[in-house]
Structures are given as C-alpha cells and as structure tokens.
1. With charges set only on the Cβ (+1 for Lys and Arg, -1 for Asp and Glu), what does the dipole of segment 3-324 come to about its Cα centre, in debye to the nearest 20?
2. Suppose R0 equals 25 Å; then what is the FRET efficiency for Asn192 and Gln149 from their Cβ-Cβ distance, rounded to the nearest 0.05?
3. Would you mind calculating the relative contact order of segment 73-207 from Cα pairs under 8 angstrom and at least 6 residues apart, reporting the percent as a whole number?
4. Once the Cβ-Cβ distance between Lys47 and Lys258 is put in as r, and R0 is 56 Å, what FRET efficiency do you end up with, to the nearest 0.05?
5. If the cut-off is a Cα-Cα distance under 12 Å, which aspartates and glutamates reach Lys203, setting aside same-chain residues fewer than 8 apart in sequence?
6. On a full-extension model of 0.36 nm per residue, what is the gain between Asp17 and Ser141, subtracting their alpha-carbon distance, rounded to one decimal in nm?
7. Tell me the relative contact order for segment 3-324 as a rounded percent, counting alpha carbon contacts under 8 Å between residues six or more apart.
8. So how much slack lies between Asp89 and Asn38, counting 0.36 nm per residue of separation and subtracting their Cα-Cα distance, in nm?
Amino acid sequence: MNSLNNAIYNISTLINDDFKQFEETYSKSLNSNVKLINKVINYISKKKGKQLRPTLTLLCARISGTPTSNTYYAAALVEILHVATLIHDDVVDEADLRRKWPSINRIWKNKIAILVGDYMFSKALSNMIHLRNFDALELLSTTAERLSQGEILQIEKALKKDMTEEIYYEMIGDKTASLFSSACKLGAISVNATPEQQEALFKFGEYMGIAFQIKDDLFDVIGKLDEVGKPIGFDVKKNMLTLPFIHLLREIEEKNKKSILRKIKHHAKKNELDKIKSIINTSGSLNYSKEQLNNFTNKAKDSLDLFNESPEKLALIELLNFNLNRKY
C-alpha cells in the first residue's frame, strides 16, 4: 500500500461511519436486474482504487456541517461518474490494465465496456434526482460538460502536438480537476454550507485535482509500474504531452524540438522514450513540474483558510501532503 493509500486509510477512520453509508448507497445505486451488468460492476468493485473523490465529499461535508442522506448520494454519484469515465478512457486509450488488473475492455471487449460505462452514467443521473437541489444539479451538469470537453480537447491537441502550458491546464482542469472540485462542493452543498464555504471548497478541489494530475505526470516520466498501476510512458505513447514534456519542448532548440516531436508522433520505441526522459531529467523540466506541483498544492491549502482548525481540515491537508510526497 503506497503512502497516499495509507493516508486515505487513516482518514477513513475519521469518517468510518459515513464511509459505510456511502458504500451502501453506492452499491444500491448500481444494482441491476441484468446479470452481466452486475458481474462487470462486481469486478470493478473488487478492484476499486483509492476512492479519493467520495472521501473528499464526506470530509467537505463534515468540515462545514453534519452529513445527511444527500451527502451519501453525492459521494456515490461522484464515484460512479469517476469509474464510468475510467471505463470509457480505457476503451479510448486501448488500455489493457487498470490498477494492475485486466481492464473491462480487455475482458469483455469494447462494446460491453462502453455500455456498462453508459449504464453507470445513467445511474449517476438517477442519483442527481435524489439531491433535489438546483445548485447541485447545475454544478453536476457543468462537470459532465467539462469532463467530456477535457477528453476531446486532449485528443484534438494530441493530434497536432501543439499543447501549450495554458491549454494543458485548461485540459486537466476539465478532465481531472472538475470532478475533484465537484466532489468537494457537493459535500458542502449537501449540508447547506454557506456560499463562501462552498466556493472555498470548490477551489480547494480544483487546485488539488491539478496537483494530483501533475504528480501523475511526474510518475509518467520516472515512475514504476508497480507503484502507479498503469504502464509508464503511457500518456506519451498515446500522444498526450504532459507537463514535463511541454516545458522541455518550450525550452530546447528548434531542431531538437522537431526531432523529439517526430519520435513521439510516430510512437517512439522504448529506448527512444528513455532517451527523451533522460533529457527531461537533466533539462530542468522535472524541477519545473515539481515547482508547479508545489504551487497548486499551496493554493489548495490557502483555500482552507476560511475554516477553523478541525480534524477534517487537517485530513484535507494531509491528503495534499501525501499527494505531494508520493514516492516515484
């Protein structure tokens, strides 16, 4: 179990009763009369990840009030949305592994994977009805738009290889951070937190989501498969330029830039990718990415200044610190 998983495990003791309610709601929300759907979802559930987003929902509810049934529906909703996007991502990326286990599309093929992902999206919509809150519905509709927009923007820019840092932040803001920020704000909405508290927690989630993705970018360059749970160099091979690559291409000479882009565009072999990664290690691009990781982590921490000291606030900061210090 890595450090982030340990952090979440320790934090789960703080919200243990809430988490049991979330898991019960999550399970009920996905139950189907179709045996194949239940079989696939049971497989997913056994290989569940960190469940970071529902943890954020529960903590953000507790930092600003007392959890209600709406809190558990909100937590289930964000986890259902997250898992559905992972299933669809694996189809798009032709991924064989997810959390070190065969992906849904590898076992049941693309058609079943897409349909189960669609089923989960429909169940997320059902959970929205339970919330009966216009602000929550507006937030979730915006999040759904951002999630799909981020995916499409990634594909568009990957094809042209013209990803700038500004576009990169827009993309990961939509693709990754949007669900973090929604998870946090939904927790606050579910306990009728003040508008100021809701906005503060939304910003916390947005900045944390960006920091989380930058950390994954660093793993992509110098991580190990057994620590990350997905193939290393994966994003580059699938034509996505991550932050260290974006910085490298911005800093090097034009002729070298063209050479690296050519190799990436034509799905560079492992030894060529290793050479590019070695250049990143010595060019300052790795340090630059770490600086941005620290920057967004600090922004997330600052977003919590509105709240008094509490176990929940400390837990949110602990999650940030463990993400910051995950070992490669």
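Rule-based calculations on the coordinates, nothing more; no lab input. Nothing here was measured: the structure is a model prediction, and the numbers come from that model. Glycine gets a Cβ as well: all are built from the backbone with ideal geometry, and neighbour counts include every protein chain shown.
1. On the way: 45 positive and 41 negative charges, 309 e Å.
I would put it at about 1480 debye.
2. On the way: r = 30 Å, r/R0 = 1.19.
Here the calculated transfer efficiency is 0.25.
3. Working: 132 pairs, mean separation 32.8, N = 135.
For segment 73-207, the relative contact order is 24 percent.
4. Details: r = 41 Å, r/R0 = 0.74.
Efficiency for this residue pair is about 0.85.
5. Asp302, Asp305
6. Working: separation 124, 0.36 × 124 = 44.64 nm, distance 2.91 nm.
Full extension of this stretch gives 41.7 nm more.
7. In percent, rounded to a whole number, it is 21.
8. Working: separation 51, 0.36 × 51 = 18.36 nm, distance 2.04 nm.
Between Asp89 and Asn38, full extension yields 16.3 nm more.
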